[in-house]
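Notes to accompany the following structure.
Just so you know, all these numbers are worked out from the coordinates, no wet-lab data involved. Here the structure is a predicted model, which means the values were calculated and not measured. Note: ideal-geometry Cβ built from the backbone for every residue, glycine included; neighbour counts use all protein chains shown.
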């Protein structure tokens, strides 16, 4: 059911679960919001700081475990692995289920050290070890309790055995079912077997298991500290079982960031240990907030560090595009040309795209009569078709035959030209170029060609990524999809325009990442 992958659907489910849990606790259990706030006040900065350190360490250990599992010859630098894992985990938390795992595999492969299939195999092996480490920690904890009897646990040893047996049985049956009915899946299996079989390497398996046990222990200790801040004492074994119950509840991600199931599981588990409901809610809320907040902060810090380290503001770093980057961009737009208009016209990003379009149209001023317009890098044709609707004569230019095919018969002329080599003998009243200069190899040549197309009373409007922190983040995003891009400054654009008889007239900033710039004849 594809609608279940929609972030909006998950957000609605999250809200429904939170409201349902709040209604149950406030009306059926007689808990007041004031009671919860009283318990929240018990968390001091020292406690929160210590928990943040433990959660941060847990995240670094998760990245280290994946790094250890990669085949030696295909292993990324540790810092790059950490960044990839943090970024993927953030996507997993706030976007559709397991989207972050797909992104991790892609980012590992884009680094050039491994294939997507190998990375996928390593990630599957990591999930297996993660579950095994938790089960092993549960068994260790339970064994400890046999030697130190009476302790209350939210889950029995029999329940652990049943859950483990069910998981193994389902996995075995699913494997046989797929093998007998979908043999082609096992061709793909062979592709990522190398990564998956890292769990058969005793040395790697041992290191990864120790790291996994340590990571789970960090979270268990963090939960212990939060409970202690409320003067509610539990031991390490009980904390481990609370984590087991918690992770069982969020195994199927039905809500955004697991809001609702996460809190409900901890409230239930702590209730079984004798904690007041209001206290359990306070602990669950802080624990969940720390898990999400620390991950987001770490991801942001690594993004910033990597962007500032790899992409500076110096002039020689403004333009990075090589032949391979330009080829990838052309190939990408050709591949998506069939459904490009529909794709960019839905989802949350459409609001940002609409803002860009409105700012460009304001600068173009297409309401003047009998305009002759050229749209360089027309894509699906938004500006071309808008100009046509205003009664203009429209020439659409793009390097993607698939994109141009969509405009056949809908504009006056189409041309399959490269902006860096296109003819410039014709003149136009309006020249628009949106989202193209990002990917050109010679920006000065491409921009000069645009300037040469403008007639005596004409206007040139471009939309391009700009220098600054927003532009750097945009550059980093494209970098991890295998493409380097150019960033532009107003000063550079103004200087280049002056060489061709144009002046920079107006600049607007639709988004933090880009700018729309108007040029006119002197």
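A few comments on the model shown:
- If you wrap segment 403-509 in the convex hull of its Cα atoms and look at it from every side, the mean projected area works out to 7.9 nm².
- Residues residue 332 and residue 425, FRET efficiency given R0 of 45 Å [Cβ-Cβ distance, rounded to 0.05]: 0.90
- Calculated P(r) of segment 316-521 - Cα pairs past 29 Å, %: 16 percent
- Nitroxide proxy distance, nm - points 7 Å out along Cα→Cβ at residue 393 and residue 351: 4.2 nm
- Placing pseudo-labels 7 Å out from each Cα toward the beta carbon at residue 296 and residue 469 gives an inter-label distance of 1.6 nm.
- Length gained on full extension, residue 491 to residue 342: 50.0 nm, using 0.36 nm per residue less the C-alpha separation.
- Fully extended contour minus Cα-Cα distance, from residue 410 to residue 509, at 0.36 nm per residue: 32.6 nm
- When DSSP beta bridges are restricted to pairs lying wholly in segment 380-492, around 0% turn out antiparallel.
- If both residues of a DSSP beta bridge must be in segment 316-521, then about 40% of such bridges are antiparallel.
- Computed label-point distance, nm, for sites residue 367 and residue 50 using a 7 Å Cα→Cβ extension: 6.6 nm
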